[in-house]
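For reference, the structure is listed below as structure tokens.
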Amino acid sequence: MGGRGALMRSLLASFSPSIIRRRSLIRHFASSEAIQSQSSPSPSPSSPFESRLRTILRNEIQYQYDYAPPHQPVTEFERFSVEDLPGQQWITLRAKSAEDENIKIEATMFDGSILEPKSDDEDTEEVVRLHISMLVDIWRGKETDSMEFVCSAWPDSLEIQKVYMFKRDNSPAQPYMGPDMKNLSNKLRAGFYEFLNDRGISSDLSRFLHQYMMNKDRIELIHWLGKVQSYIEK
């Protein structure tokens, strides 16, 4: 579920109370203005249609700050530095291992989810587990050979999907991605997990990424609303 060409937008919105509220506002907006919009497909800047939209945007931005205001993102986690450019759908983490290896992790925002049966202490019949795709590159010094792991970060665990080797300076367009992890022996699978764990890539990192992306999702949403508002109010 990963790869550089498949960074997907978060599905968190499908389950966020703020998004449910926003959908309700949009439905109300659409129903009350549908006839006017049909008779005036290209409204002027002073039309009731755009005036209503500006009001909705201002109210929604204020609601987001009141409901769950985002906090300043952290720039470090354990041995890793965290690089996050506003407007991007992923972050990059970098570190050095005890063996002087370079470690680079690219992690998406929430890009999927699954439903699981509830535990005994939960009220709902099913719970949503959000998914984050991770691409882990590990290489030594200036060597061009790199070991790459395609992983899934769940709220409380890390799952390796693929392990493959490639040359950083001249990798094939479609490199052999290695066998499915489920087809490997238990000992070999355990060895790969231990290899990553020794380099700080573990369930603790997965938990950090989920907390980080919850906050980033709110930051990006407010930023997007602000850009739309600025355009409408020009």
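What number of residues within region 82-92 satisfy the criterion of being without any contact (Cβ under 8 Å) to a residue 60 or more places away in the chain and within 17 Å of D204 (Cα to Cα)?
Selection size over region 82-92: 1.
Which members of region 63-81 meet the condition of being over 12 Å from N215 (Cβ atoms), open to solvent by 50 Å² or more (accessible area, probe 1.4 Å) and in contact (Cβ under 8 Å) with a residue 40 or more places away in the chain?
The answer is Y63, Y65, Y67, E78, R79.
Condition check ((1) more than 23 Å from L115 (Cβ to Cβ); (2) surrounded by 18 or more Cβ atoms within 10 Å (Cβ to Cβ); (3) at pLDDT 95 or above; (4) under 20 Å from the mean Cα position of the chain (by Cα)) across all residues:
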position	(1), (2), (3), (4)
K162	yes, no, no, yes
K167	yes, no, no, no
Q174	yes, no, no, no
S203	no, no, yes, yes
L209	no, yes, yes, yes
K234	yes, no, no, no
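Could you check how many residues of region 82-106 are modelled with pLDDT under 95 and open to solvent by 30 Å² or more (accessible area, probe 1.4 Å)?
Looking only at that region, the number is 10.
What about S133, is it closer than 30 Å to Q64 by Cβ, touching an Asp or Glu at 6+ places or on another chain (Cβ under 6 Å) and at pLDDT 95 or above?
In short, yes.
So the check is Cβ under 9 Å with 6+ separation or different chains; which pairs have a first residue in region 182-197 that's modelled with pLDDT of 95 or more and open to solvent by 80 Å² or more (accessible area, probe 1.4 Å) and a second one that's of a type in the set (G, A, S) and not in a loop (DSSP other than H, G, I, E, B)?
Note: pairs meeting the criteria are N197/S203.
State the number of residues belonging to region 211-232 that are out of contact with any Lys or Arg (no Cβ under 8 Å at 6 or more places or on another chain) and open to solvent by 30 Å² or more (accessible area, probe 1.4 Å).
Number of matching residues: 10.
Looking at the structure I just gave you, is I201 closer than 23 Å to D100 by Cα and part of a loop (DSSP other than H, G, I, E, B)?
Answer is yes for this residue.
Please determine, by comparing only the residues of region 136-160 that are over 19 Å from T92 (Cβ atoms) and part of a strand (DSSP E or B), which one is modelled with the lowest pLDDT. Reasoning before the result, please.
Taking region 136-160 first, the residues over 19 Å from T92 (Cβ atoms) are 140-145, 154-157, 159-160.
After this cut, where a residue has to be part of a strand (DSSP E or B) as well, the list is 140, 145, 154, 157, 159-160.
On the way: R140: 89, D145: 84, W154: 96, S157: 95, E159: 96, I160: 95.
Here the answer is D145.
Condition first: within 29 Å of E76 (Cβ to Cβ) and open to solvent by 60 Å² or more (accessible area, probe 1.4 Å). Can you find one or more residues in region 144-153 that meet it? Give the derivation first.
Applying the first criterion (within 29 Å of E76 (Cβ to Cβ)) to region 144-153 yields 144-153.
Applying the additional criterion that residues be open to solvent by 60 Å² or more (accessible area, probe 1.4 Å) yields 145.
Looking for residues that are within 29 Å of E76 (Cβ to Cβ) and open to solvent by 60 Å² or more (accessible area, probe 1.4 Å), one finds at least one in region 144-153, hence yes.
Please work out if F110 is within 20 Å of the chain's Cα centre (by Cα), assigned to a loop (DSSP other than H, G, I, E, B) and within 27 Å of D180 (Cα to Cα).
yes
Of the residues that make up region 111-123, is at least one closer than 22 Å to F77 by Cβ and open to solvent by less than 40 Å² (accessible area, probe 1.4 Å)? Full working, then the answer.
Of the residues in region 111-123, the ones closer than 22 Å to F77 by Cβ are 111.
With open to solvent by less than 40 Å² (accessible area, probe 1.4 Å) added as a condition, the list becomes 111.
Yes, because at least one residue in region 111-123 is closer than 22 Å to F77 by Cβ and open to solvent by less than 40 Å² (accessible area, probe 1.4 Å).
The values are calculated or read from the model by the stated rules, or taken from the named source; none is laboratory data. Please read these numbers as outputs of a predicted model, since none were measured by experiment. Reconstructed Cβ throughout: ideal geometry from the backbone, glycine too, with neighbour counts over all protein chains shown. Quick note on the areas: whole protein, heavy atoms, side chains included, nothing else; ligands and nucleic acids left out. Shrake-Rupley method; radii C 1.70, N 1.55, O 1.52, S 1.80 Å.
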